[in-house]
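Q: Got a structure here, written out as structure tokens. Questions coming.
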Amino acid sequence: MTDVIIVGGGPVGLLLACELKLGGADPLVLEAATGEERRTRSLGLRSLNARTVQSLALRGLVEPVAEAQWAMLGEFAGDREPAEADVVALMVELLQEGLIKGHFSGLPLLDERGKAEYLMLKQHKLETVLAERAAAMGVRIRQGCAVVDVVQDESAAVATLADGRVERAAYLVGCDGGRSVVRKRSGFAFDGTPPTMTGRTAVAELASPDAVSSALRGPGGLVNRSLVPGEVATIEFDGGPDDRDAPMTAEELAGSLRRVTGQDVVVKRLEAGIRYSDNTRHAETYRKGRVLLAGDAAHVHSPIGGQGLNLGLQDAVNLGWKLALVVRGLAPDSLLDTYTAERHPVAARVLRNTRAQVALMRPGPQVDALREVLGEVLELPDAKRHFGGMVEGADVDYAPGAPHPQVGRFAPRLEATAHDGARPLAELLRDGRGLVLDLSGTSGPDDGLCGAVAGHRDRVRVAHAAEPAATGDAGVLLVRPDGYVAWAGGRDGIGDALTTWFGPPR
Ligand SMILES: Cc1cc2nc3c(=O)[nH]c(=O)nc-3n(C[C@H](O)[C@H](O)[C@H](O)COP(=O)(O)OP(=O)(O)OC[C@H]3O[C@@H](n4cnc5c(N)ncnc54)[C@H](O)[C@@H]3O)c2cc1C
């Protein structure tokens, strides 16, 4: 029997598959669409925030994603009129200098130190990188396989495909997007607030492109010329689209542009178009027995602020190593309950901040004034830190109130030495095992520590920090495969901590 069926081979499903494989499990990805279908639906750009970039760095995935980003931006500059090429050049410069952290409802959040970790690319380009990694690792991916039903019993989760075939696995994860069949068929409650707006993004040829400025807030909504050649986007506060799936027409786009800009804009040709809304909903739990949810299947919200993909990729790295340990029989399945406990509050916060960002996008003089006031607030150092931490995902804390401030937080940037030399901590986590990190500043971990870890050597490695680290009074940190600190303390407690997070010793 397969270890884990992943329904949906979007970015979240693909990254989860890689994480499971790295952890020693055997995942099977069932994806309804073909690669070409996904490519044509991939309009707009996706920003990857600092925490996502740091997570990708743990697996050596930043370089290929950054390469795809630069190649894409190079293509964009080539396809542009000179005036528009300047906009692309400015964006390239900001990215190269590490100045972009993200934005809050269009209000830019910049990193004056030039240290921002931020990537921006089309979603299908990210998916290509992840699919190549998954294929290189030997993950089984079946395209054109729509799942129509999911049931579970005591021994398995069972997916029924559209052609009637059935696949069984020990666990099944729904990464099948906002309209998840897995979520619906498995009875997960999904409450929230209905749409108030319609967003349209289209690739179109306009008779007078200059009539549409690069970013405009008008009485009827917003319009934006994207960095992607030929792409134009509008937002209207009209209660949401009647039918998200009906093909968009040139007339529909022209009507939206007219309402938003107040001008007649002739759309000569419409190549592709998508609609979205601010429908905001959250699964009550991310796990029901053998069925779990990740990514948009678990939470939907407006894309304003660019956080949904980041949230989903972080779900994948949180769940992957835990589920791999459980299916391999190394850890009890109660470890999986920490997935909802840790990720649900993070998503709830994103849902809140994206609702606030939508409110700040509404037209009208009151909101204009509110935006100006917030713009002033964002100049204050503490506010910059607060909003920056929020959009960068850097303020995530999986164990608020833990006795040690490092616990629940992403591990500090350290050089550490394992048996094969000193390396950044991120590289030491590359093989998907956890890390017991000796911070004592001695020349190497002592025999006592090595002895305490001996029964978990298949799941963690031991390293010592090359320099004394600013980690409070802890002598030892236990870092999980996703880069978060599970435990901090003296040497005596490490055995129990290892059993809690990685299962009993062998
Ligand atoms: C215009 C726009 C701009 C955005 N910008 C950003 C941004 O800048 N930053 C950011 O973080 N997020 C952004 N987002 C959000 C981001 O695109 C989503 O959060 C992300 O796509 C979620 O990934 P996913 O893998 O969970 O779901 P999806 O990308 O929806 O993938 C789900 C996959 O499951 C497959 N599937 C569905 N049903 C089935 C089935 N029954 N059987 C088998 N397969 C199935 C689908 O074909 C699809 O391939 C934006 C969204 C939009 C619309």
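The values are calculated or read from the model by the stated rules, or taken from the named source; none is laboratory data. Predicted model only: the values in this text are computed from it and were never measured. We place every Cβ from the backbone using ideal geometry, glycine too, and count neighbours over all the protein chains shown. The accessibility values were calculated without ligands, DNA or RNA, using every heavy atom of the protein model including side chains. Shrake-Rupley method; radii C 1.70, N 1.55, O 1.52, S 1.80 Å.
Q: What spacing in nm lies between the two simple spin-label points modelled at Ala246 and Arg423, each 7 Å away from Cα in the Cβ direction?
A: Using points 7 Å along Cα→Cβ, the separation is 5.5 nm.
Q: Here is a further query. Between helix 62-78 and the chain, what is the angle of the helix's C-alpha long axis to the longest principal axis, kept within 0 to 90° and rounded to the nearest 10?
A: That helix lies at roughly 20 degrees to the long axis.
Q: Checking a compactness column here: for segment 66-197, what do you get for Rg(Cα) / (2.2 N^0.38 Å), N being the number of residues?
A: Relative to the rule-of-thumb radius for its length, segment 66-197 sits at 1.51.
Q: Over all directions, average the projected area of the Cα convex hull of the chain and note it in nm².
A: About 23.9 nm², averaged over all directions.
Q: Give the Rg/Rh ratio for segment 1-114, taking Rg as the radius of gyration of the Cα atoms and Rh as the Kirkwood radius, to two decimals.
A: Reported Rg/Rh (Cα atoms, Kirkwood Rh): 1.04.
Q: Collect residues whose amide H, placed 1.01 Å from N in the peptide plane, falls under 5 Å from the amide H of Ala466; neighbours closer than 5 in sequence don't count.
A: Answer set, sorted by chain and number: Glu415, Ala416, Thr417.
Q: Using Cα pairs closer than 8 Å and at least 6 residues apart in sequence, work out the relative contact order for segment 1-138, in percent.
A: Reported as a whole number, the value is 32 percent.
Q: Quick one: which residues, 5+ away or cross-chain, put their amide H under 5 Å from the amide H of Glu271? H built at 1.01 Å from N.
A: Residues meeting the amide H criterion: Val203, Ala204, Glu205.
Q: What is the total of Lys pairs in the chain with C-alpha atoms under 15 Å apart, excluding same-chain pairs fewer than 8 positions apart?
A: Details: Lys21/Lys322; Lys101/Lys115; Lys101/Lys384; Lys115/Lys384; Lys184/Lys288.
For the chain, qualifying lysine pairs total 5.
Q: Amide H to amide H under 5 Å from Ile6: which residues, 5+ apart in sequence or cross-chain, H placed 1.01 Å off N in plane?
A: Sorted by chain and number, the residues that satisfy this are Leu28, Val29, Leu30, Val173.
Q: Using only the alpha carbons, work out the radius of gyration and Dmax of segment 303-387 in angstrom.
A: Using the Cα atoms of segment 303-387, the pair Rg, Dmax is 18.6, 60 Å.
Q: State the extension gain, in nm to one decimal, for the chain segment bounded by Val87 and Ser208, taking 0.36 nm per residue of separation less the distance between their alpha-carbons.
A: On the way: separation 121, 0.36 × 121 = 43.56 nm, distance 1.86 nm.
Taking 0.36 nm per residue and subtracting the Cα distance, the gain is 41.7 nm.
Q: Please compute the per residue accessible area over the chain with all protein chains in place, 1.4 Å probe, rounded to a whole number of Å². Each step should come with its number before you reach the end.
A: Working: 21140 Å² over 506 residues.
Accessible area per residue, the chain: 42 Å².
Q: Then there's this: State the extension gain, in nm to one decimal, for the chain segment bounded by Met72 and Arg140, taking 0.36 nm per residue of separation less the distance between their alpha-carbons.
A: In short, 21.7 nm is gained.
Q: Cα axis of helix 365-377 to longest principal axis of the chain: angle in degrees, 0 to 90, nearest 10?
A: Orientation of helix 365-377: about 40 degrees from the principal axis.
Q: To continue, here is another question. Please give the solvent-accessible surface of Ser208 in Å², to the nearest 10, using a probe radius of 1.4 Å with every protein chain present.
A: Using a 1.4 Å probe on the heavy atoms, I get roughly 50 Å².
Q: How high is the relative contact order of the chain, given as a whole-number percent (alpha carbon pairs under 8 Å, six or more residues apart)?
A: Relative contact order for the chain comes out at 16 percent.
Q: If you don't mind, there's one more thing I want to ask. For Trp487, what accessible area in Å² do you get when you roll a 1.4 Å probe over the heavy atoms of the protein chains, rounding to the nearest 10?
A: 50 Å²
Q: Ignoring ligands, DNA and RNA, what percent of the accessible area of the chain is carbon or sulfur (1.4 Å)?
A: 53 percent
Q: Quick one: Karplus J couplings for segment 331-337, per residue in order, coefficients 6.51, -1.76, 1.60, θ = phi - 60°, nearest Hz, x for Gly and Pro?
A: These are the phi-based 3J(HN,Hα) values: 10, x, 6, 5, 4, 5, 5 Hz.
Q: Can you tell me the convex hull volume per residue for segment 415-502, based on C-alpha atoms, in Å³ to the nearest whole number?
A: In segment 415-502, the Cα hull volume divided by residue count equals 85 Å³.
Q: For segment 119-146 and segment 152-195, compute the distance between their C-alpha centroids and round to whole Å.
A: With segment 119-146 and segment 152-195 each reduced to a Cα centre, they are spaced 21 Å.
Q: Let me ask something else. With +1 on the Cβ of every Lys and Arg and -1 on the Cβ of every Asp and Glu, and nothing else charged, how large is the dipole of the chain about its Cα centre, in debye rounded to the nearest 20?
A: Numbers: 56 positive and 67 negative charges, 182 e Å.
My answer is approximately 880 debye.
Q: Over all directions, average the projected area of the Cα convex hull of segment 198-277 and note it in nm².
A: Approximately 4.6 nm², given one-decimal rounding.
Q: Give the separation of the Cα centroids, segment 63-115 to segment 474-494, in Å.
A: 37 Å
Q: What does the extension gain come out to for Val166 and Thr500, with contour length at 0.36 nm per residue minus their alpha carbon separation?
A: 116.7 nm
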